[in-house]
Amino acid sequence: MLAYTLRRLWQFIPTLGGVVLLVFFVFNFVGGDPAYLLAGKFPNPDTIANIRKQLGVDEPYVVQLWIFVKQILTGDFGASWSTNERVSTIFATRLGPSLTVLVPLLLISTLLAMAAAMLVAYVRGSLTDRTVMVACTVAQSVSILVYILVFQYLFAYQLGWFPVQGWGVSLMDNLLRYAVLAIVVGVAVSLAPDIRLYRTFFLDEINQDYVRTARAKGLSEARVMWVHVLRNAGIPIVTNILLQLPGLLAGAFLIERFFGIPGIGREVILAVERSDFPIIKAVTVYVAIATMIVNLLADLLYKAIDPRVQLK
Amino acid sequence: MKESSVWALAWKRFRRDRLGLGSLVVVVAYVALMLAVAIGWAARDWDREAGVSFAPPTFIGAEAAQAQSVKTLEAAQPVSDYGIADPLGPDLAEIAKGLSGASAGETRAPTLALGADKWGRAVLKKAVKGTETSLFVGLAAAALATFLGTLFGAQAGYRGGKVDDFFNWLYSVLTSIPYLLLVLAVAAVVNQKGVLTVILILGLTGWTGIFRLVRAEYMKHKVREYVLAADAIGASNTRRMYVHILPNVSHVVLVQLSLHVVLFIKSEVILTFLGFGVGVDTVSWGSMLAEAGTELLLGKWWQLTAATVFMALLVTAFSLFTDAMRDALDPRLK
């Protein structure tokens, strides 16, 4: 296990190197000179040269790459181009709101999806199963944008059950007032794909020999499903949630943007709109690192839950 | 006895699936609509301001809408000017008269089939034009991603060794960045709107899933007897890869192509909604949804509904078609 972990950590280095090269390439060659972006509408050569010097883009590429690597290693990406806030401060303050929405969202949607998936897997092939599957396909085909627009209009604007937008100071206030509708939308969007996926996990288990054995020795259907099948189908489900986590952190930007939640996702989208490269660079690199670590954790967890799994 | 080909067998199985067949009809209809728009048979004048601003759908009727617009006009009047006459009042009235006179030249319809947007453009035509944009982007990006994924997957899986290591490295680099974040980062840097840009962004970043599957298939197939036989009769590596093996893994490729069309249509809609997608000179479902947000607050729900229904119908049909195709091509699965 230790040897495996060390080997995986060792493999991080080329992948991370690749991410650094990719980000560096994209931002230096595809995008053109950032000095022109920053200099405004009527740039003069002096301003351009000045900005280039400040950003370090007049240095040779090797030096620039080294600056970038140093930024990653020290965690100091400098300041945002548009607000001059430290990038590290931005992340530290935006993580809380993101988690306030994400943690309840994941818990609720996972529990609901697991229950529904188990139910339809149990009655597989029946009319209920087929209806739920088609309903999921339809629900999945409606853009997340429509969910957000309609839910916000209906529940916040028309019915006034929730604030349309906003964010408070205390955690309880945020959790019980501002985050509720965002969580509801998130659950509504993730339910359909989750049910479809988890259903296949349950189907894989339901046909196994141990289920037949459990039934043969006279266990109740409830016990077979809730204890035997659930515990085995739970393994890929847990892994799947873990793997989604880093993507969700940055990927909840639509929800965060519409509900005015000052989280990481909204910061990303603001940065993209303002061409605020330091923030985008930092997010990309850190989320990549988080993804790699979470992948490793998922594999180790898999091994811990299911001793049959061979890590290689 | 006549032997049926794999494809004939698959088609036979597919035909039995009524849901799949129905969705195929819908998909074909959408593609036909896309071609019709591209040729110029339909929705050529989508940006003509044919109706009055926010003309409601015909089935609701103009009357209700007019009452509503009068109400909003009244609400828009300032409370009172504290008894002072508006110094610009007469001038403004004259300008307004001139404006309405100019637009009265071409009579504007009070209602349109599916209503009109803020500028009086027909929502139906916009949705049809949006179908062309969104479906074309989805198909082209999926074709590009599938091409790259198959090419790289074939090389990596067949050749193994250093080539495999390289593509696996590229794969792990690209997949360690969440997909939408990667797309947004590239969109931010490219900073250039347009259909081609969106296709390139989606296609160049979205091939990883296909690569993984095709690579696994090639690894499985390259040691099979028919490939060894091809080697024995002197077929080159390239010939073995693309003439012998490719037809045998093409069912995987086809299903993935179809899956990615759906994925990319959804991504395009989000990208355009955020303002990084197709430009302002054209219309996609994403730009319709972007307008719909503020329209909804005014109670003009028809553009949102039209874009949603057009998109949901296509995406649902495409997803069901993909499921049916997978079942037909790979009967062992279920």
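Solvent-accessible area of the range A:97-305 (1.4 angstrom probe, protein heavy atoms only): carbon and sulfur portion equals 67 percent. In whole Å, what is the distance between the alpha-carbon centres of the range B:150-193 and the range B:258-311? The two parts, judged by their Cα centres, are 28 Å apart. Karplus-derived 3J(HN,Hα) values for the range A:276-289, using 6.51 cos²θ - 1.76 cosθ + 1.60 with θ = phi - 60°, are 8, 4, x, 5, 4, 4, 4, 4, 4, 5, 5, 5, 5, 4 Hz; glycine and proline are entered as x. Buried on complex formation within the range B:143-190 (loss of at least 40 square angstrom of accessible surface versus the isolated chain, 1.4 Å probe, ligands and nucleic acids ignored): B:TRP169, B:VAL173, B:SER176, B:ILE177, B:PRO178, B:LEU181, B:LEU184, B:ALA185, B:ALA188, B:VAL189. For the range A:100-146, a reduction of at least 10 Å² in accessible area between the chain on its own and the assembled protein chains (probe 1.4 Å) is found at A:ARG130, A:VAL134, A:THR137, A:VAL138, A:GLN140, A:SER141, A:VAL142, A:SER143, A:ILE144, A:LEU145, A:VAL146.
Among the listed pairs B:LYS118/B:LYS193; A:LYS281/A:LYS303; B:LYS222/B:LYS266, those whose Cα-Cα separation exceeds 30 Å are A:LYS281/A:LYS303; B:LYS222/B:LYS266. In order along the range B:236-245, the phi-based Karplus estimate (6.51 cos²θ - 1.76 cosθ + 1.60, θ = phi - 60°) of 3J(HN,Hα) comes to 6, 4, 4, 5, 5, 5, 9, 9, 8, 7 Hz; Gly and Pro are listed as x. Buried accessible surface for the B/A pair, both sides summed and rounded to the nearest 100, is 3400 Å² with a 1.4 Å probe. When a/c reaches 1.5 or more, the comparison of a/b and b/c decides; with that in mind, is chain A rounded, prolate or oblate per its Cα gyration tensor? Oblate shape, in that a/c is at least 1.5 and b/c is the bigger or equal ratio. Relative contact order of the range A:97-305, taken over Cα pairs closer than 8 Å and 6 or more residues apart, is 26 percent. Here the 3J(HN,Hα) profile of the range A:149-155, calculated from phi with Karplus coefficients 6.51, -1.76 and 1.60 at θ = phi - 60°, is 4, 6, 4, 5, 5, 6, 7 Hz, Gly and Pro shown as x. Counting only aspartates and glutamates at least 8 places from B:LYS126 when in the same chain, those with an alpha carbon closer than 19 Å to its own are B:ASP45, B:ASP47, B:GLU49, B:ASP117, B:GLU268, B:ASP281, B:GLU291, B:GLU295. Taking a straight line from the alpha carbon of A:LYS217, these aspartates and glutamates sit under 13 Å away, with near neighbours fewer than eight places off in the same chain left out: A:ASP209.
Accessible surface for the protein assembly as shown, divided over its residues, is 51 Å² per residue with a 1.4 Å probe.
Computed over the alpha carbons of the protein assembly as shown, Rg followed by Dmax gives 27.8, 100 Å.
The values are calculated or read from the model by the stated rules, or taken from the named source; none is laboratory data. The structure presented is a predicted model; accordingly, all values stated were derived computationally and were not measured. Protein only, heavy atoms only, side chains kept; ligands, DNA and RNA dropped before computing areas. Shrake-Rupley method; radii C 1.70, N 1.55, O 1.52, S 1.80 Å.
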